[in-house]
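Written out below as structure tokens is the structure these notes cover.
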Amino acid sequence: MTDSENPRDAVQALQAIEHSLLEMASRAETMVSAAVDSLIHLDTAAARAVFEADTALDRLDLDLETQCLQLLAKTEAGVGIDLRFLGTAIKMSTDIERVGDLAVDIAKCGLKIEREMGATDTIDLPRIAGVARSMLRHAIEAYVKRDLTLVHRVAEEEEEVDALYRDLRGQLHDDMRRRPEGVVPASWMLLALHHVERIADHALNIAERVGFAITGRLEALGRRVE
């Protein structure tokens, strides 16, 4: 066995991957918060900062994928690590990167509303975004701690997001009916709301993969909103 295939080295490499995942998730969560704030306050400079942050997140995603593939290539028969956790890390990085993309999409909605001189206080977008961000944090924490309780907590929070999504979507539809002159900015708010709901879906995807890594069974969690 070469030094690169030493079990201790493999475990340390997996720990380094976990640290990279934590950094990616932290950045993605910050991007979601900043994107929602930029939309609510129609802050174009803050929106552009989200775009720049996404470029950095994309680089981290590529770096993490490289780390995972290098570890896989150097590891004989998975010595020293559980390959389920390595495979889960690769899937997680893809979901986290997509969360960053959705944060960019939310920021773009804010730019569209700003150009239409529309209102952004018609629904409580920060509330649902806060739950989606919590889901992402708990899903990553579940991976690091190998904690099934946190996996199921993410599923519970997803149900809260679904309920909020239906309620807020209904509020926007009502607003469109009452104020047809504001239907264009309201449609951008509706799209931003959908992006937030998709962020929650990606957090749920991560939780499902973590559940698989822990138990060896891939099970669907929660319910998808209609």
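Only a single item in (1) modelled with pLDDT under 95; (2) over 13 Å from the mean Cα position of the chain (by Cα) is not met by LYS91, and it is number (2). Quick check on the stretch 157-184: of everything there that is without any contact (Cβ under 8 Å) to a residue 40 or more places away in the chain, in a helix (DSSP H, G or I) and charged (D, E, K, R), which residue is surrounded by the fewest Cβ atoms within 10 Å (Cβ to Cβ)? The residue in question is GLU181.
The set of residues from the stretch 138-149 being assigned to a helix (DSSP H, G or I) and either in contact (Cβ under 8 Å) with a residue 40 or more places away in the chain or more than 16 Å from the chain's Cα centre (by Cα) (or both) comprises HIS138, ALA139, ILE140, ALA142, TYR143, VAL144, LYS145, LEU148, THR149.
Scanning the stretch 112-140 for residues that are modelled with pLDDT of 95 or more and either in contact with a strand residue (DSSP E or B) (Cβ under 8 Å, 6 or more places away or on another chain) or among the acidic types (Asp, Glu) (or both) yields GLU114, ASP124.
In the set (1) in contact (Cβ under 8 Å) with a residue 40 or more places away in the chain; (2) surrounded by fewer than 19 Cβ atoms within 10 Å (Cβ to Cβ), the condition left unmet by LEU83 is number (1). Looking at (1) under 20 Å from the mean Cα position of the chain (by Cα); (2) crowded, with 16+ Cβ neighbours inside 10 Å, which is the one condition that is false for ALA220? It is condition (2) that ALA220 fails.
Only one of the numbered conditions (1) touching a residue at least 24 places away in the same chain (Cβ under 8 Å); (2) in a helix (DSSP H, G or I); (3) crowded, with 16+ Cβ neighbours inside 10 Å is not met by THR30, and that is (1).
The values are calculated or read from the model by the stated rules, or taken from the named source; none is laboratory data. Owing to the predicted nature of the structure, the values given are computational and were not obtained by experimental measurement. All Cβ positions, even for glycine, are placed from backbone atoms using ideal geometry, and neighbour counts span all protein chains on display.
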